[in-house]
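This report refers to the structure that appears directly beneath it.
What follows draws every value from the coordinates through simple rules; no lab data is involved. Everything numeric here is computed off the predicted structure, so don't read it as measured data. No Cβ is skipped: glycine too gets one built from the backbone with ideal geometry, and neighbour counts run over all protein chains shown.
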Amino acid sequence: MVMGTLLTAQNIFGVIFIVIALVQFYFARNYARTIKQQGTTGPQTFAPMTTWLNYVSSIIFLVVGLSLIFGSLSH
């Protein structure tokens, strides 16, 4: 019976959201490092906003994933 409660759709989607959050955080960090090291070829005023929105979306994905597994959205 433990395997039945372990592999529910909510837990699977929670793990998927957590993986998406980690990948999104990696992309945001990589983009921020690239901008700091190499700069941009032109005036890109949207670069800081893009970086922060990537961080915010990764936090949102992480919160949704954790709430699907442990929080009020579970069962």
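In segment 16-32, which residues have a backbone nitrogen under 18 Å from the label point lying 7 Å from residue 45's Cα in the Cα-to-Cβ direction?
Taking a point 7 Å out along Cα→Cβ of residue 45, no residue of segment 16-32 has its backbone N under 18 Å.
Could you calculate the contour length gain from residue 70 to residue 9, that is, 0.36 nm times the residue separation minus the distance between their Cα atoms, to one decimal place in nm? Kindly include the intermediate steps, with their values, before the conclusion.
Details: separation 61, 0.36 × 61 = 21.96 nm, distance 1.33 nm.
Length gained between residue 70 and residue 9: 20.6 nm.
I need the calculated FRET efficiency for the pair residue 37 and residue 63, taking r as the beta carbon distance and R₀ as 30 Å, to the nearest 0.05.
Rounded to the nearest 0.05, the efficiency is 0.50.
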